[in-house]
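So the structure is just underneath, and the comments pick up after that.
No value in this document is a laboratory result; all are computed from the given coordinates. These figures come from a predicted structure and were not determined experimentally. Cβ sites come from the backbone with ideal geometry, for glycine too, and all protein chains shown count toward neighbours.
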Amino acid sequence: MHNHTLRELADLLSQRKISATELAQGYLDRIGESDLNAYLHVDAELTLAQAANADQRIARNDTTLLTGIPIAHKDIFVTRDWRSTAGSKMLENYTSPFDATVVEQFRAAGMVTLGKLNCDEFAMGSSNENSFFGPVKNPWDKRAIPGGSSGGSAAAVAAGLAPAATATDTGGSIRQPASHCGVTGIKPTYGRVSRFGMIAFASSLDQGGPIARTADDCALLLNAMTGFDPRDSTSLPRDPEDFTRNLAEDLTGLRIGLPREYFGPGLASDVEQAIRAALKEYEKLGATLVDISLPKTELSIPVYYVIAPAEASSNLSRFDGVRYGFRASDYTDLSDMYRKTRAEGFGDEVKRRILVGAYVLSHGYYDAYYLQAQKIRRLIAQDFQDAFKQCDVIMGPVTPTVAWDLGDKADDPVANYLADIFTLSTSLAGLPGMSIPCGFGQGDKNGKRPVGLQLIGNYFEEAKLLNVAHRFQMVTDWHARRPAGV
Ligand code: GLN
């Protein structure tokens, strides 16, 4: 049951071979037995009520393809019924008065919510170690990080604790954990998925997307979660699309761009080997490889780590002990209340970002850092447009190494930032990017560590990315491998 794809589950449900209630209960049982720390809040009663509702819809034949299928949400999407913490002490006991648009969309499709998934605090991180509620373990090797910030989402899908999960990507947080946990994830073009009810980190970069087992499943989920939302000022007015429409299209003649900068000395040899082997598969499928350059790649790290903290410092000013969540219990006056609330409520990484953000936005430094970063961001976007004159899709690694050990980089923020080198530019440019499992890297008898292949497309070319990913998954079985015991 827990190893089926969404499409297989949809068949089982429509043929009445399993009920939504049985399915939900099966997953709840597995979640109860798991020690991965992937879930932050589960409420069996709420889940089973939604499942009963889905069963009634199925009985009436009032269904979509997703009706009765379970899904879990990254705890950055607010939910009326489950707590919404964003991985922070600041929101430890917070319940939202409304559902995020994405949550509403999946409910409307009849999906059944399994609960809320662990993540880095306010989605800031690459390893899921910044969660106030403790790190998530990688199901392939419990000594390893699952990747961040959507570590709970990727680990839950990899471990069969959910057949699908929502996630968000500001600078790589869908692609990185998908890569480290051997599952499939796609970050759509900025503006495709509503940010309404997605707790804000860096608003010009934040974008929701799905994590599932296959590209086909991701396409089905995107069908439900994309679309214009008048409640999000940067939501894009686009006609609805069927993202499954050309999944199986032939790849003959596809030009794959390989950015020189993604295959340099910083790339671990085990990751490179898996990527090169995947590229060989693509050649067999009729694609040709083209050498391209994204010359500003290196600058994406300083640029992102100026812009994202700047936006975060502004977005997080709302957590002041007055409006939401946590308030320090012991204070003398208003300023003291603000100070203690924020000192006690935020973790170290979040504080670091607020300080950096406030600094780069301050008088005298704004021009030198923030404005400069915005200009380079524009050039990074231009790099991609130049590259897409020579190729149809760009491929490379998602991360320079396989998942590292929990704790290894915990005291070194810069080492964490450097792991984002291959994902940040896509986010800064607002382009769609994807990670699909393509092999394993260094590991030992106690665990394997997955490698993800990154696919980057031009604006609105999610359907093409999904097609390119699906063809690979038709001829390989990396996406079908399971961690031991799952
Ligand atoms: N690792 C990046 C950061 O720490 C990206 C996080 C994300 O995409 N949410 O900001």
- Task: Run the dipole for the chain about the Cα centre, Lys and Arg Cβ at +1, Asp and Glu Cβ at -1, nothing else charged, and hand back the magnitude in debye, nearest 20.
- Result: 220
- List the aspartates and glutamates whose Cα lies under 19 Å from the Cα of residue 296, skipping any in the same chain that are fewer than 8 positions away. 261, 383, 386, 420
- Report, to two decimal places, the Cα Rg of the chain normalised by 2.2 N^0.38 Å (N = number of residues). 0.92
- Query: Once you sort the root eigenvalues of the Cα gyration tensor of segment 197-263 as a ≥ b ≥ c, which label holds: rounded (a/c under 1.5), prolate (a/b larger than b/c) or oblate (the other case)?
  - Reply: oblate
- Task: Rank the residues 361, 431 as a footprinting-exposure proxy: fewest other Cβ atoms within 10 Å of their Cβ go first.
- Result: 361, 431
- Task: Please state, to two decimals, what the Cα-based radius of gyration of segment 124-200 comes to when divided by 2.2 N^0.38 Å (N = residues).
- Result: 1.04
- Item | Charge sum, other residues only, whose C-beta stays under 11 Å from residue 17's C-beta, Lys/Arg counted +1 and Asp/Glu -1 | -2
- Message: Let me spell out the model: positive unit charges on the Cβ of Lys and Arg, negative unit charges on the Cβ of Asp and Glu, origin at the Cα centre of segment 193-346. What dipole size does that give, in debye rounded to 20?
- Response: 300
- Message: Which one, 369, 479, 77, is farthest towards the positive end of the dipole of the chain when Lys and Arg carry +1 and Asp and Glu -1 on their Cβ?
- Response: 479
- Note on the structure: Output for segment 1-102: trypsin sites (Lys or Arg not before Pro) sitting in coil per DSSP, at most 11 other Cβ within 10 Å, listed by number, reads 16, 17
- Item | Listed residue (230, 416, 441) projecting farthest to the positive dipole end of the chain, Cβ model | 230
- Sites matching trypsin sites (Lys or Arg not before Pro) across segment 208-274 that sit in DSSP coil, with at most 14 neighbouring C-beta atoms within 10 Å: 231, 238, 245
- Got a sec? How would 291, 216 order by Cβ neighbour count within 10 Å, fewest to most? 291, 216
- Task: As a check on your grasp of the helix formula, calculate [θ] at 222 nm for the chain: sum -39500 (n - 2.57) over DSSP H runs of n ≥ 4, divide by the residue count, round to the nearest 500.
- Result: -11000 deg cm²/dmol
- Query: Put +1 on the Cβ of every Lys and Arg and -1 on every Asp and Glu Cβ in the chain; which of 310, 253, 10 then has its Cα farthest towards the positive end of the dipole?
  - Reply: 253
- With a ≥ b ≥ c from the Cα gyration tensor eigenvalues, square-rooted, and the rule rounded for a/c under 1.5, otherwise prolate when a/b > b/c and oblate otherwise, segment 176-309 is oblate
- Entries of 89/409; 142/448; 74/340; 74/464 with Cα pairs more than 18 Å apart: 89/409; 74/340; 74/464
- Message: At q = 0.12, 0.21 Å⁻¹, what log₁₀ I(q)/I(0) does segment 1-94 have when each alpha carbon counts as one equal point scatterer in the Debye sum?
- Response: -0.43, -1.08
- Per-residue HN-Hα couplings for segment 147-161 [Karplus 6.51, -1.76, 1.60; θ = phi - 60°; Hz; x = Gly/Pro]: x, x, 8, 8, x, x, 5, 5, 5, 4, 5, 5, 8, x, 9
- Task: Determine the percent antiparallel among the DSSP beta bridges restricted to the chain, to the nearest 5.
- Result: 70
- Message: Could you tell me the ratio Rg/Rh of segment 408-486? Both radii from Cα atoms, Rh via Kirkwood.
- Response: 1.04
